[in-house]
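Report on one structure; see the data block that follows.
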Amino acid sequence: MRDPGQDPDLPVWGDGRFEWQSDKNLPAGYFTQYGGSVPFPARVTPVAQGDPNSGDVEWQGFMPLAQHPQATNPPQGWIASWNNSPAAGWWAADATGRWGPTHRVDILADRLAAVHAAGQFDVGKMVEIASDSAFTDIRAEELLPLLLQIMQTGSLDATQTQVVTMMQAWIDAGSGAWIDGKPGLGGWRRDRNADGVYDQRAQVVLMDAWFPHLIDALLPQVTAIDGQMTHDNPTTCNGLVLQCRLDAPGPEGSAFEFGYHEFMKRLLQTVLAVPGSHAYRALLCAGTGTMDDCRNGVLTALDQALTDLGGIGAEATWDGTTLYNAQTNMPGETVETYDAVQHQAFGLLSVPSIQWLNRPTYQQVVEVR
């Protein structure tokens with residue numbers, strides 16, 4: 001808690017309500033010395049000032065409003081935000097590694113762009129965009145199309161062909177149906193008829209089984225330093241990577257804000273030579289960056305995932321119980337159970353969990369005429 005003798009006008013850290021617990025042990029004049037004496041530079045690139053060993057408060061004052069990301073009546077017709085970088089090229093804090101080539105805001109942005117192109121903006125459509133986005137697995141929307149494209153650059157056996165067909169169906173059955181009648185913008189972890197089973201459970205479970213093996217196969221340079229040697233914790237975080245393997249759906253609802261799918265998207269785009277894509281300086285798909293090795297990695301990871309699930313012949317029984325999940329770090333739970341949003345009870349009676357949705361926070365739609 002704040003030291004009673006601490007000047008309340010001096011800087012605070014964290015959420016602003018607490019000071020460092022080591023306040024009394026700090027050297028005399030610490031806050032004055034490191035509180036910042038040089039005005040904020042007239043640039044958007046941070047420049048270290050003063051003692052290089054202290055990065056707590058390097059600048060005096062605040063960045064001028066004109067230098068903050070902003071837009072008025074943007075040409076695309078909408079603005080979207082979901083804990084993402086405020087603008088392209090805007091620098092992140094040194095400890096932030098989650099502003100990559102894709103972010104969960106893309107789930108909103110893709111639907112907003114499609115609705116705007118179709119000229120269908122109204123209150124109902126905005127509600128539908130928020131609803132559909134809340135059930136979308138970003139890996140299905142941003143990563144899976146690239147995986148399927150790489151798979152199809154060569155011949156496939158019957159099992160692999162079946163996987164391509166079923167996973168493409170997951171992508172196709174989405175928001176495009178009501179926006180412009182076209183397939184796409186799907187990849188939902190959703191139970192529309194409330195029978196307790198995801199409408200496309202097999203695809204959801206296969207994605208969950210495939211992803212950890214894709215990490216091993218496509219990101220050996222990353223796994224070499226992230227310290228995770230087994231799949232018993234799908235959400236491993238490591239300070240060296242400044243990223244977590246997966247921000248998985250679960251009890252709090254919020255999901256897919258970060259994850260190794262961000263690295264994968266850029267690597268797959270590079271291998272496929274997607275127009276406008278940019279290669280990493282050192283990170284390469286499967287460690288080599290060649291199409292052959294990248295594709296072999298994708299297929300090997302798929303074979304391992306299918307083995308985890310009992311094979312393609314057991315598709316009807318795929319329910320997630322054979323997988324280590326992010327909630328218990330153990331197998332045994334169905335995908336709907338380990339995804340479910342759980343409530344904190346404040347009384348003697350517990351509150352039933354609800355089916356997963358991403359960020360079940362307060363939302364309001366306002367129409368101004």
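No lab work stands behind these numbers, since they all come straight from the coordinates. All values derive from a computational prediction rather than experimental measurement. Positions of Cβ are generated from backbone atoms using ideal geometry, with glycine treated the same way; all protein chains shown enter the neighbour counts.
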Next on the checklist: Please compute one quarter of the surface area of the Cα convex hull for the range 305-369 and express it in square nanometres.
Outcome noted: 8.3 nm²
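Based on a Kirkwood Rh over C-alpha pairs, give the Stokes-Einstein translational diffusion coefficient of the range 137-209 at 25 °C and viscosity 0.890 mPa s in µm²/s.
On the way: Rh = 12.8 Å.
The diffusion coefficient I find is 191 µm²/s.
For the range 105-339, what number results from the quotient of the Cα radius of gyration and 2.2 N^0.38 Å?
Taking the Cα Rg and dividing by 2.2 N^0.38 Å, one obtains 1.00.
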Checklist entry - Once fully extended, how much extra length lies between Cys237 and Phe346, figured as 0.36 nm per residue of separation less the alpha-carbon to alpha-carbon distance? => result 36.2 nm
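For each of Ser155, Ser85, count neighbouring Cβ atoms within 10 Å of the residue's Cβ, then give the residues from fewest to most.
On the way: Ser155 7, Ser85 17.
Lowest to highest Cβ neighbour count: Ser155, Ser85.
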Item to check | Dimensions in Å of the range 61-194 - Rg and Dmax from alpha carbons | outcome: 17.9, 64
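Of all the Cα-Cα pairs you can form in the range 169-251, what percent are over 19 Å apart? Spell out each step's value before the answer.
On the way: 1776 of 3403 pairs.
For the range 169-251, the fraction of Cα-Cα distances above 19 Å is 52 percent.
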Checklist entry - Stretch Ile79-Asp180 to full length: gain in nm at 0.36 nm per residue minus the Cα-Cα span? => result 34.3 nm
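Dividing the alpha-carbon Rg of the range 276-327 by 2.2 N^0.38 Å yields what? All intermediate terms of the calculation are to be shown ahead of the outcome.
Values: Rg = 15.5 Å, N = 52, 2.2 N^0.38 = 9.9 Å.
Output field value: 1.57.
On a full-extension model of 0.36 nm per residue, what is the gain between Ala194 and Gln67, subtracting their alpha-carbon distance, rounded to one decimal in nm?
Numbers: separation 127, 0.36 × 127 = 45.72 nm, distance 4.81 nm.
Here the segment from Ala194 to Gln67 would lengthen by 40.9 nm.
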Item to check | Top positive-direction residue, dipole computed over the range 105-339 with Cβ charges, set Trp318, Leu268, Thr223 | outcome: Leu268
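Can you give me the Kirkwood hydrodynamic radius for the range 232-369, using every pair of distinct Cα atoms, in Å to one decimal? Working shown, then result.
Working: mean 1/r = 0.0551 Å⁻¹.
18.2 Å is the Kirkwood radius here.
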